[in-house]
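Everything below concerns the one structure shown next.
Nothing in this text is a laboratory measurement; each read-out follows from the coordinates by a stated rule. All values reported here derive from a predicted model rather than from experimental measurement. Because the Cβ atoms are built from the backbone with ideal geometry, glycine has one as well, and the counts that use them run over all protein chains shown.
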Amino acid sequence: MLASWFRIVKIFAFLGLLSLSLPALADPPPAAYVDLKNRLVRKGLDKNYVNQVFSDSRNSFLPDVVKKIAYLKKETRDIYAKFYTPQVAARGRAYLQEHRAELTKAANRYGVAPEVIVGILTVESDLGNATGKYPVFNVFASLAVMDNPEIIRELGLSPTLKARLHKKAAWAQRELLTFLEYCRAKKLDPFFYKGSWAGAMGFCQFLPTSLKNCGADGDGDGRVDLFTHADAISSIACYLHQSGFKQQNRASWRKAVYRYNHSEAYVDTVLYLAAQY
């Protein structure tokens, strides 16, 4: 009897060790996704396509992203201090020389100063070296349900955030719809794209609506790839052009860059870098 007991203990011990070696299973998608899928279909997305995307094994709810956006405070100037160094300026000048052809082409087409484009690329993605690790679909799907009572309860979000959660969820739903429409039309895998925790992607850190409205083919290969320098450069130039950028009007530079990111500290940093280049 005692021997049998020890065998049982060993078996459970083995199973315990085995369980520690297995990867943790991802949380199942929240029930809130049911309503989200219906909303996307009502907005015109194909039902089969929506079901296919949401049933993909790569679909994962991102509670940490939801919490970050829910409690995100207004940015402060100190987060841009790292860009005010001679080293950053030198790297920007080197980039401008290396990609002179693409920048000149974009400048001639859209009437935008190359130095400002490089300034934006520097701040947004370290000149294409830091584009983010979060699946864009998962970011927007998670944020699109952040005002759902189930999500608020499960994540312990403050009731005082109700108005903000609703506003951000509506924004995320629009971005998600645009993203899925774009991916389906272009026959692209929506889980392929990775970006920031806010869903911005590519060297230029575009949101899906910016990609739809300002994505530009800079290298003439017939497609827009924001993870290439030529297309990212042209897309930024297109965005600034649509935002009223005028080469001979310096006041328009500030207004156009502010449209890119509604932060005076961001604008000051980009224009400071442009002056260094």
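Isolated cysteines in the chain, defined as those with no second cysteine Cβ under 4.7 Å, comprise Cys183, Cys204.
Taking a ≥ b ≥ c as the square roots of the Cα gyration tensor eigenvalues, with a/c under 1.5 meaning rounded and otherwise prolate when a/b beats b/c, else oblate, which class fits the stretch 154-277? Here the stretch 154-277 falls in the oblate category.
Here the chain is scanned for trypsin sites (Lys or Arg not before Pro) in DSSP loops (not H, G, I, E, B) that have at most 15 other Cβ atoms within 10 Å, and the longest stretch holding none of them is 75-132. Using R0 = 30 Å, the C-beta based FRET efficiency linking Ala31 and Arg174 works out to 0.85. Ranked for footprinting exposure by Cβ neighbours inside 10 Å, fewest first, Val123, Val66 give Val123, Val66. For the residue pairs Lys74/Lys246; Lys82/Lys162; Lys187/Lys212; Lys105/Lys246; Lys187/Lys255; Lys47/Lys212, the alpha carbons lie more than 26 Å apart in Lys74/Lys246; Lys82/Lys162; Lys187/Lys255. Evaluate E = 1/(1 + (r/R0)^6) for Tyr258 and Glu150, where r is the Cβ-Cβ distance and R0 equals 35 Å; express this FRET efficiency to the nearest 0.05. About 0.40, to the nearest 0.05. From the Cα gyration tensor of the stretch 193-247, with a ≥ b ≥ c the square roots of its eigenvalues, which class applies: rounded if a/c is under 1.5, or else prolate if a/b is larger than b/c, or else oblate? Here the stretch 193-247 falls in the oblate category. Going from the residue with the fewest nearby Cβ atoms within 10 Å to the one with the most, His241, His166, His99 rank His166, His241, His99. Based on Cα contacts under 8 Å between residues 6+ apart, the stretch 147-277 shows a relative contact order of 12 percent.
Recomputing semi-axes √(5λ) of the Cα gyration tensor in Å from the coordinates shown identifies the correct label among (1) 27, 22, 21; (2) 32, 20, 17; (3) 42, 23, 20 as (3). Among Leu273, Leu188, Leu157, Leu121, sorting on how many other beta-carbon atoms sit within 10 Å of each Cβ, with the fewest leading, yields Leu188, Leu157, Leu273, Leu121.
In this structure, the amide hydrogen of Gly195, modeled 1.01 Å from its nitrogen in the peptide plane, lies closer than 5 angstrom to those of Lys133, Tyr134, Val136, counting only residues at least 5 positions away or on a different chain.
For the chain, averaging the sequence separation of C-alpha pairs within contact (under 8 Å, six or more residues apart) and dividing by the residue count gives a relative contact order of 23 percent. Overall, the anisotropy analysis places the stretch 53-107 in the oblate class: the square-rooted eigenvalues a ≥ b ≥ c of its C-alpha gyration tensor yield a/c not less than 1.5, with a/b not exceeding b/c.
Running a GNM on the chain with Cα contacts under 10 Å, which residue among Leu40, Leu155, Leu211 ends up with the highest mean-square fluctuation? Its mean-square fluctuation being the largest, the pick is Leu155.
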